[in-house]
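Please treat every number below as a calculation from the coordinates, not as lab data. This structure is a prediction, so every number in the text was calculated from the model and none was measured. Neighbour counts run over all protein chains shown; Cβ positions are idealised from the backbone, glycine included.
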Amino acid sequence: MGAHNYSTAWTAGTDQHWHACQTAGCTDKSDTADHTFVQKKDGTNHWQECSVCGYKKDVTAHAWGSWELTADPTLKTTGEAERTCSCGEKQTKTDVPALTDTTVWTMDSGSRKDPTIKDKGSEDYTSEYGTVTLPIPELTDPIWTKVSRTDPTLDGTGSEKYTNTDYGDVTITIPALTDPIWIKDDSKHVEPTEEDTGKDVYISEYGEVEVILPAKEHTHVWGNWTITTEPTITATGTAKRVCTKNAEHTDTKTLPALTDTSVWTKADDKHVDPTKDNDGKDVYTSEYGEVIVVLPALGHTHEWGGWTITTAPTLTETGTAQRVCTLNNTHIDTKTPPALRRFFNFFSRFFCYTLKKQCFAKNILLFCKKNEIL
Ligand SMILES: [Zn+2]
Ligand SMILES: [Zn+2]
Ligand SMILES: [Zn+2]
Ligand SMILES: [Zn+2]
Ligand SMILES: [Zn+2]
């Protein structure tokens, strides 16, 4: 029996490896030892391999875990994802489609949080690569177009509607002007007058809102009363006054008769007694002005001069005659003498009557009738 001739290559069994004797008929083994398995992998499989002899067992395709996004895609850009096998092998996908690819991504409408003018919003997209929470820019971002605005008032809220092709429509509520976020800008306040409206200006992160302040109620400033119809002892009168701010505003009042002492005071210092020849007066004063009541002159027994015919009467017209008082030549007594035809009629009638039985008198009668004497 010669020396064994061991192979330099390993022979492997299920559990062990060794160097086999190459001599025919000899089954002797050298360096027999248990495999020392280590984990090995390539792009497709992983397995156990003996680090000494290279024996492999349990060759298995990788069992990939879930994808995990290492770079989120956006609406416009692709992302990256990787997945890992329990053996440690990683697989990377560098072209995860953008979120607009609806064959891959589904937007979860329940997850939508609208942005505000201060805060970003968000919405979730899901796919086999995982979930992406897409931030939505604040409404102050220039990507947004403001479609409409209703200013808030002191009583109610306002609103604003924004739109963007990627993020859709967003409507926000603007708090009423009574909300503490609004600050009244005193430098822009305009006080209303009787002629013009004023305004208050409120400022907040929602911009500027003007509130019109109604014009102030007009307060008349009356001028002095003027008596337009003087009252008398027995009758009422009227007075009028005009607003000094607007001449179209007038105030009219019925004045009581001068006997009403609640309004009228007889001014004793202005009283003048009437004399035989001259009128006197009583003066009544009030807030509306003064009224003078003439007290007629007491008068005298006229001492008339002779009659003078100032216009002679004619056959058909009356005349005038007058006489003057010798005590006061402004006292004149006037009479109107009747037309002369009256006398003529009388005498003609008399003559016609006495003569009418005589036949020639008929001619006179006819004459008289023709001339309307009878
Ligand atoms: Zn041998
Ligand atoms: Zn081995
Ligand atoms: Zn593996
Ligand atoms: Zn007025
Ligand atoms: Zn007289």
For Lys270, which lysines qualify as cross-link partners when the Cα separation must be under 23 Å and same-chain residues fewer than eight apart are set aside? Lys281
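Can you tell me the dipole magnitude for the chain around its Cα centre, using point charges on the Cβ only (Lys, Arg +1; Asp, Glu -1), in Debye to the nearest 20? Intermediate values should be presented prior to the final figure.
On the way: 38 positive and 55 negative charges, 984 e Å.
Using Cβ point charges on Lys, Arg, Asp and Glu, the chain gives about 4720 debye.
Given a Förster distance of 25 angstrom, what is the FRET efficiency for Lys57 paired with Gln22, based on the Cβ-Cβ distance and rounded to 0.05? Present the calculation step by step, with values, prior to reporting the outcome.
Details: r = 26 Å, r/R0 = 1.03.
Result of the calculation: an efficiency of 0.45.
Subtracting the Cα-Cα distance from 0.36 nm times the residue separation, let me have the gained length for His220 to Ala33 in nm, one decimal. Mind showing how you got there, number by number?
Values: separation 187, 0.36 × 187 = 67.32 nm, distance 12.30 nm.
Full-extension gain reported as 55.0 nm.
Let me have the relative contact order for region 226-295, percent, based on Cα pairs under 8 Å that are six or more residues apart.
On the way: 131 pairs, mean separation 17.0, N = 70.
It rounds to 24 percent for region 226-295.
For the chain, what relative contact order do you get, as a whole percent, if you take Cα pairs closer than 8 Å and at least 6 residues apart?
5
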Checked against a 23 Å limit on the C-alpha separation, the offending pairs among Lys93/Lys120; Lys216/Lys245; Lys335/Lys369; Lys40/Lys90 are Lys93/Lys120; Lys335/Lys369
Taking a crude spin-label model, label points 7 Å out from Cα along the C-beta direction, the Thr163 to Ile181 distance in nm is 2.4
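Restricting attention to region 160-260, which trypsin sites (Lys or Arg not before Pro) occupy a DSSP loop and are surrounded by at most 16 other Cβ atoms within 10 Å? Mind showing how you got there, number by number?
On the way: sites: Lys161, Lys184, Lys188, Lys199, Lys216, Lys240, Arg241, Lys245, Lys253; in loops: Lys216, Lys245.
The qualifying sites are Lys216, Lys245.
With a ≥ b ≥ c taken as the square roots of the eigenvalues of the C-alpha gyration tensor of region 156-307, please select rounded if a/c is under 1.5 and otherwise prolate if a/b is larger than b/c or oblate if it is not?
Numbers: a/c = 6.45, a/b = 5.30, b/c = 1.22.
Judged from the Cα gyration tensor, region 156-307 comes out prolate (a/c at least 1.5, a/b above b/c).
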Shape descriptors of the chain over alpha-carbon atoms, Rg and Dmax in angstrom, are 66.2, 228
State the answer as a single residue: which of Ala9, Pro192, Thr259 lies farthest towards the positive end of the charge dipole of the chain, with beta carbon charges of +1 for Lys and Arg and -1 for Asp and Glu, about the Cα centre. Thr259
Would you work out which of Trp105, Thr92, Ile136 lies farthest towards the positive end of the dipole of region 92-213, given +1 charges on the beta-carbon of Lys and Arg and -1 on that of Asp and Glu, about the Cα centre? Thr92
For the chain, modelled as a GNM with alpha-carbon contacts under 10 angstrom, which of Tyr284, Tyr55, Tyr167 fluctuates the most? Tyr55
Suppose R0 equals 25 Å; then what is the FRET efficiency for Glu248 and Leu154 from their Cβ-Cβ distance, rounded to the nearest 0.05? 0.15
18 Å reach of a label modelled at Gln91, 7 Å along Cα-to-Cβ, counting backbone N of region 49-68: 59-68
Computed lengthening from Thr311 to Asp279, 0.36 nm per intervening residue step minus Cα-Cα distance: 8.3 nm
Starting from the Cα of Thr238, step 7 Å along the direction of its Cβ; do the same at Glu287; then give the gap between the two resulting points in nm. 2.1
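Gain in length, Thr8 to Trp304, computed as 0.36 nm per residue apart minus the alpha-carbon separation, to one decimal in nm?
87.7 nm
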May I ask you to list the lysines whose Cα is less than 22 Å away from that of Lys113, ignoring any residue fewer than eight positions away on the same chain? Lys76, Lys146, Lys161
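Tell me the net charge near Met107. Cut-off is 13 Å between Cβ atoms, Met107 excluded, with +1 for each Lys or Arg and -1 for each Asp or Glu.
Working: positive: Arg112, Lys113; negative: Asp101, Asp108, Glu123, Asp124, Asp166.
Here the count lands on -3.
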